[in-house]
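K.L.:
Below you will find the structure I want to go over with you.
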Amino acid sequence: MKQALSKKLFAEALKFIPGGVNSPVRAFRAVGGQPFFARRAKGARVWDVDGNEYLDYVCTWGPAILGHAHPKIVAAIKAAAARGASFGIPNALEVTMARRIRQWVPGIQKVRMTNSGTEACMSAIRLARGFTNRDKIIKFDGCYHGHADSLLVKAGSGALTFGSPDSAGVPAAFTQHTLVLPFNDADAIEAAFAANKNQIAAIIVEPVPGNAGLYLPQPGYLEFLRDITAANGALLIFDEVMTGFRLARGGAQERFNVLPDLTCLGKIIGGGLPVGALGGRAEIMDLLAPLGPVYQAGTLSGNPIAMASGIANLDALADGNVYQKLEDRGRQLAAGMREAAKAAKISVQFNSCGSMFCAYFCHQPVHNLADAMKSDRDRFAKFFHGMLAQGIYLAPSQFEAGFISTAHTPADIEKTIRVAHKVLRRL
Ligand SMILES: *Cc1c(COP(=O)(O)O)cnc(C)c1O
C-alpha cells in the first residue's frame, strides 16, 4: 500500500494543526500509525491521495447513509450554492426541512436548526433547565453529547478513546449539576431521583449508545426512562444525532416506540454538511427565543446549502425499502463476522442494531461502558490495521460504531467477511 503522499501531508499538518487533525479520533492515536488523507469518495468507497481504495464503514461517522457523493445530494448542493451560500434571512428550505423532520420523527412537533450536534445537545440542556426551572441533569457514562462543558463528563467518542473522559479547561463548577450514571441500570436512576427530589431537569441519553462502541438498551429500559422522568416532572431527551434517520426513519424513538420530550439530531439530516437540530413538544420548544426566555441562536443556522443537502438526503429515505435494505445488510454482516470470529476461535462480541455495529474483543456481552472497557484494545488495533491493509476501513477506535450505507452491496459485505476471516485467524 503506497502511503508517501499521506505521510507527507500528515507531517505538514502536524506543523499547523494541533495533532494534525480537526477532530481527535481521526488522528489514529487509538490504533497507532498515521491517518490516510482522503482525495475523493463515491458510494461505499473512499480513495486516498496515494490512490488506495477502501471500502468505507465509517461513512463520515454516520451522515453518508446513502453512500458518498450521491448524485441527488451533489445536485442539490450545487443548485443551492448558485443561489447564494448564506442569507441570514429566512428561506423556504428551512420550512421544508422542519416539515420533513416533524413528519417523520414522532416526538418532534417543532424544531430549531443548529450547525452541529454539539450545539443541539447544549441547547437541549439549556431548554430543559429553562422549562423545568431545575438545574441538575443525568447523563450516562460512555454517552457522548458533543463537547459542551457540562456534557463533557465521562463522555464517549474521542474523550473516551484518549482515556481522559474529563477535559482540562472545564471548571468543576460547570459540571457539578451533571450526574453521571451507568447505562442499563434502573436502580441507579431510581436512587438518583430519590436523592435529588424536584431537582432533576432531564435525562439525556443516546437511546442506542454508539460512542463507546455500540450497545443496546435492555428490553424495557427506555420505557423505564420515559416513565420515571414523567413521574418526576423531568424531561427525557433522546440524543439521536447518530441514531436519527439511521435506526428507522423516525430514529430509535420509532424503532423502540418510546417518545422523548426533546430530540437532538445531526449527522444524517445534513447529508454531509455541518448541521444539527433540536426538536420536541411545541410547549417546550416555544420557550426558545424569540418567543420565550431561553436564548439560542446561530449566524449560519438553517444555512440554505446545508438545508438543501439534508433535504435531499432525507427525501431519498422516504422510500420504505431503504430501511429494509439496511437491516438486511446489517444482519448479513453480523452473522458473517460472528461466524468468522468463531472459526478463528477468538472471543468477539459483535453488537449490531440495524445498520450500526461494533466488534468488541472480549468474552462477556457488552451492555454498558464498564463491559466495553474490558475489551482488548491492542487486539482491536491489530484487527483494524489488518482490515485496513486489505482495503476495509473501520473506525480507528474500539470505542466508535461502524456504519453501513445503502451503497454497500451484499457482495461488499461478503468481501468484508472474507477478509475478516483471514485477519482474525492471524491475530
Ligand atoms: C456526533 C454526535 C454528537 C456531536 O455532534 P457534532 O456534530 O460532532 O457536534 C452528539 N451526540 C451524538 C450521539 C453523536 O453521535
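K.L.:
In the chain, what percentage of the DSSP-assigned beta bridges are antiparallel, given to the nearest 5? Working shown, then result.
P.N.:
Values: 25 of 42 bridges.
Percent antiparallel among DSSP bridges in the chain is about 60.
K.L.:
Okay, next question. If you put +1 on each Lys and Arg Cβ and -1 on each Asp and Glu Cβ, how big is the dipole of the range 1-154 around its Cα centre, in Debye rounded to 20?
P.N.:
320
K.L.:
Could you give me the ³J(HN,Hα) list for the range 293-308, computed from phi with Karplus coefficients 6.51, -1.76, 1.60 and θ = phi - 60°, whole Hz, x at Gly and Pro?
P.N.:
Each residue's phi maps through the Karplus curve to give x, 8, 7, 7, 7, x, 3, 9, 4, x, 3, x, 5, 5, 5, 4 Hz.
K.L.:
Hey, can you rank 168-179, 348-359 by average C-beta count inside 10 Å, highest first?
P.N.:
So the peptides 168-179, 348-359, ranked by packing, come out 348-359, 168-179.
K.L.:
In addition: Given Cβ point charges of +1 (Lys, Arg) and -1 (Asp, Glu) and nothing else, what value in debye, to the nearest 20, does the dipole of the chain about its Cα centre take?
P.N.:
1260
K.L.:
By how many nm would the segment from His363 to Gln109 grow when fully extended, if each residue of separation counts as 0.36 nm and the alpha-carbon distance is taken off?
P.N.:
Stretched fully, the His363-Gln109 segment lengthens by 87.1 nm.
K.L.:
Given points 7 Å out from each Cα along the Cα-Cβ axis, report the Lys415 to Asn321 separation in nanometres with one decimal.
P.N.:
2.3
K.L.:
Peptides 193-202, 113-122, 97-106: what's the order by average Cβ count within 10 Å, highest mean first?
P.N.:
Result, highest mean first: 113-122, 97-106, 193-202.
K.L.:
Arrange the peptides 287-295, 244-252, 230-238, 361-369 so that the one whose residues have, on average, the most other Cβ atoms within 10 Å appears first.
P.N.:
Numbers: 287-295: 12.8, 244-252: 26.0, 230-238: 21.0, 361-369: 17.7.
Ranking the peptides 287-295, 244-252, 230-238, 361-369 by packing returns 244-252, 230-238, 361-369, 287-295.
K.L.:
Given only helices, namely DSSP H runs of n ≥ 4 each adding -39500 (n - 2.57), what is the per-residue ellipticity at 222 nm of the chain, to the nearest 500 deg cm²/dmol? Could the numbers behind the result be given before it?
P.N.:
Details: 15 runs with 163 residues, N = 427.
Estimated from H runs of four or more residues: -11500 deg cm²/dmol.
K.L.:
Choose one of Val294, Phe256, Leu273: the residue whose Cα lies farthest towards the positive end of the charge dipole of the range 220-308 (beta-carbon charges +1 Lys, Arg; -1 Asp, Glu; about the Cα centre).
P.N.:
Highest projection toward the positive end goes to Leu273.
K.L.:
How big is the antiparallel share of DSSP beta bridges in the range 71-317, given as a percent to the nearest 5?
P.N.:
On the way: 10 of 25 bridges.
Antiparallel: roughly 40 percent of the beta bridges in the range 71-317.
K.L.:
Please work out the average accessible area per residue across the chain, using the 1.4 Å probe convention, and give it in Å².
P.N.:
Here the residues of the chain average 42 Å² of exposed surface.
K.L.:
Tell me, in nm to one decimal, what length is gained between Leu427 and Lys342 on full extension, where the rule is 0.36 nm per residue of separation less the Cα-Cα distance?
P.N.:
On the way: separation 85, 0.36 × 85 = 30.60 nm, distance 1.30 nm.
Gain on extension, Leu427 to Lys342, equals 29.3 nm.
K.L.:
Now for a separate question. Given Leu222, Ala306, Asn184, which one lies farthest toward the positive end of the charge dipole of the range 71-317, if we put +1 on the Cβ of every Lys and Arg and -1 on the Cβ of every Asp and Glu?
P.N.:
Ala306
K.L.:
Hey, another quick one. Report in % the part of the accessible area of the chain that belongs to carbon and sulfur, leaving out ligands and nucleic acids; probe 1.4 Å.
P.N.:
Exposed carbon and sulfur together represent 54 percent of the surface.
K.L.:
Say R0 is 22 Å: what FRET efficiency, to the nearest 0.05, do Ile89 and Phe16 get from their beta-carbon distance?
P.N.:
Efficiency for this residue pair is about 0.05.
The values are calculated or read from the model by the stated rules, or taken from the named source; none is laboratory data. These figures come from a predicted structure and were not determined experimentally. All Cβ positions, glycine included, derive from the backbone under ideal geometry; neighbour counts span all protein chains shown. With ligands, DNA and RNA removed, areas are computed over all heavy atoms of the protein, side chains included. Shrake-Rupley method; radii C 1.70, N 1.55, O 1.52, S 1.80 Å.
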